[in-house]
Amino acid sequence: MSTVDLHTLTGAYALGALSEQESAEFAGHLAQCQACTQEVRELRETAARLALAVAEVPPAALRTRVMAALPEVRQLPPRGHRAAVVPLRRARRNRLPYLAAAACLVAAALAGGLAVNARNEADRQRDRSARAEHQAAAVSALMAAPDATFHTTALKGGGSGTVVASKRRGQTAFLYHGLPALSGQRVYELWYSRNGTMEPAGLVETGSSSGAMLLTGGPRGADGVGITAEPPGGSSRPTTPPLAVLRV
């Protein structure tokens, strides 16, 4: 196996996808190649973060509190048909249970609303978790592709990025770490560079400083992948100089 071939195996080695003989040969190569050693370390860190992608769910105590409050809400007793004249002080005392019951009904309504909101948020969290797990599996499979290439660089302003591409699979992924938060609700946007023309390839998830994502479209015909800071929702053309352009 040539040295050039060894340089392309960082992703497969980081995921444990090499045979025992290939793994031993690549381990010897790592002892002499600082660039591959750093790339393997970064890929392993990213793979670990992908594996730990979990959904955040509402506190379990919220549902318990709501369900516990429901039995305490009493219905108003039926009103009598006979009109009676009672002293004002006694009338006020008689109204207290009704006012308390009304307050309980209001509290129950509010609690019910909180429960619905909590259930909707839990559903959204499950959907986000399912998408994250699907994307993590796809990125892991891409990294293990025999023809996968890896290019890593530091980004202007902070953080680093790695582009993983496989022409055989027709996929490209962007792995990022330590991205600084953007001001003014701006977002990070990725681009394919094709003969000097930048084509939109997806938005990095807002609020996430580290992670991985598949790009929209495949790497065929592309000579690089760029990343820029754009207005909310992204742009059809870059509006700022690229923070980096990584070779595909």
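The values are calculated or read from the model by the stated rules, or taken from the named source; none is laboratory data. These numbers were taken from a predicted model, which means no experiment stands behind them. No Cβ is skipped: glycine too gets one built from the backbone with ideal geometry, and neighbour counts run over all protein chains shown. Calculation scope for accessible area: heavy atoms of the full protein, side chains included, ligands and nucleic acids excluded. Shrake-Rupley method; radii C 1.70, N 1.55, O 1.52, S 1.80 Å.
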*If you go through the stretch 185-196 one residue at a time, do you hit one that is out of contact with any Gly (no Cβ under 8 Å at 6 or more places or on another chain) and among the basic types (K, R)?*
yes
*Considering (1) at pLDDT 90 or above; (2) more than 16 Å from the chain's Cα centre (by Cα), say which one A141 fails and leave the rest.*
(1)
_Which condition from (1) without any contact (Cβ under 8 Å) to a residue 60 or more places away in the chain; (2) open to solvent by less than 70 Å² (accessible area, probe 1.4 Å) is the one that Q32 breaks?_
(2)
*Take the residues of the stretch 169-204 that are among the β-branched types (V, I, T) and farther than 22 Å from G11 by Cα: which is least open to solvent (accessible area, probe 1.4 Å)?*
V187
*Count of the stretch 18-29 residues which are open to solvent by 30 Å² or more (accessible area, probe 1.4 Å) and either assigned to a helix (DSSP H, G or I) or of a type in the set (V, I, T) (or both)*: 8
*What pairs come up if the first residue lies in the stretch 191-206 and is over 24 Å from P180 (Cβ atoms), the second is outside any strand (DSSP E or B), and their beta carbons are under 6 Å apart, counting only those six or more places apart or on different chains?*
R194/G221; R194/A222
*Report yes if some residue within the stretch 161-168 is among the polar types (S, T, N, Q), in contact (Cβ under 8 Å) with a residue 24 or more places away in the chain and in contact with a His (Cβ under 8 Å, 6 or more places away or on another chain); otherwise report no.*
yes
*G184, sole failed condition from (1) on the phi > 0 side of the Ramachandran plot; (2) modelled with pLDDT of 85 or more; (3) out of contact with any Leu (no Cβ under 6 Å at 6 or more places or on another chain)*: (2)
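With L179, L203, L214 as the choices, which residue is more than 22 Å from R41 (Cβ to Cβ) and touching a Gly at 6+ places or on another chain (Cβ under 6 Å)? Please lay out each step first, then the result.
Numbers: L179 fails: more than 22 Å from R41 (Cβ to Cβ); L214 fails: touching a Gly at 6+ places or on another chain (Cβ under 6 Å).
The unique qualifying residue is L203.
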*Note down all Cβ pairs under 6 Å where the first residue falls in the stretch 215-232 and is open to solvent by less than 10 Å² (accessible area, probe 1.4 Å), the second is among the charged types (D, E, K, R) and not in a loop (DSSP other than H, G, I, E, B), and they're at least six residues apart or on different chains.*
G224/R247; T228/E189; E230/E189
